[in-house]
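The structure under discussion appears below in the form of structure tokens.
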Amino acid sequence: MGAGGQPTKYREKYCEMLYQHMAGGLSFESFAGVIRVNRDTLYEWCKHHAKFSDAKTEGRAAGLLYWEELAREAVRGGIPNFNATVWVFTMKNRFQWRDRQPDEIEASKLEPTILELPNSGKTILISSKKKKGT
């Protein structure tokens with residue numbers, strides 16, 4: 001029974017169906033459209049049915065594999081007119097990929113390594129490293 005005494009629409013067969021759905025590159029949420037339930041229902045099923053939750057986790061990994069294999073094929077020239085921009089946005093939105101920004105280090109937090117040249121009065125900056133404790 002579901003909440004409020006209503007029979008649940010959950011079926012164990014949905015576990016494999018969900019996995020296959022996501023392994024084909026489709027989202028967890030869109031599975032709700034396949035079986036005609038509210039997507040909130042899917043999240044509730046994950047809380048109450050360990051197999052369904054596992055199918056979601058495994059399906060997500062399989063979906064990531066799908067999208068990465070697609071890109072690999074495109075990079076090899078196997079997909080004419082592949083839209084890399086759409087692929088990048090897909091990866092960022094569905095798999096939390098993000099651009100990495102270089103670490104910004106304030107000059108005041110750097111400790112220089114200086115080499116003094118004998119008999120010339122010159123010094124050379126060899127490198128800088130972060131000061132301890134910063």
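The values are calculated or read from the model by the stated rules, or taken from the named source; none is laboratory data. Everything quoted here is computed from the prediction, not taken from an experiment. No Cβ is skipped: glycine too gets one built from the backbone with ideal geometry, and neighbour counts run over all protein chains shown.
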Out of everything in the stretch 95-126 that is within 20 Å of the chain's Cα centre (by Cα) and of a type in the set (S, T, N, Q), what residue ends up being modelled with the highest pLDDT? 96
Only one of 129, 92 that is among the basic types (Lys, Arg) and either assigned to a loop (DSSP other than H, G, I, E, B) or modelled with pLDDT of 75 or more (or both): 92
For the stretch 2-26, give me each residue that is in a loop (DSSP other than H, G, I, E, B) and surrounded by 16 or more Cβ atoms within 10 Å (Cβ to Cβ). 10, 25, 26
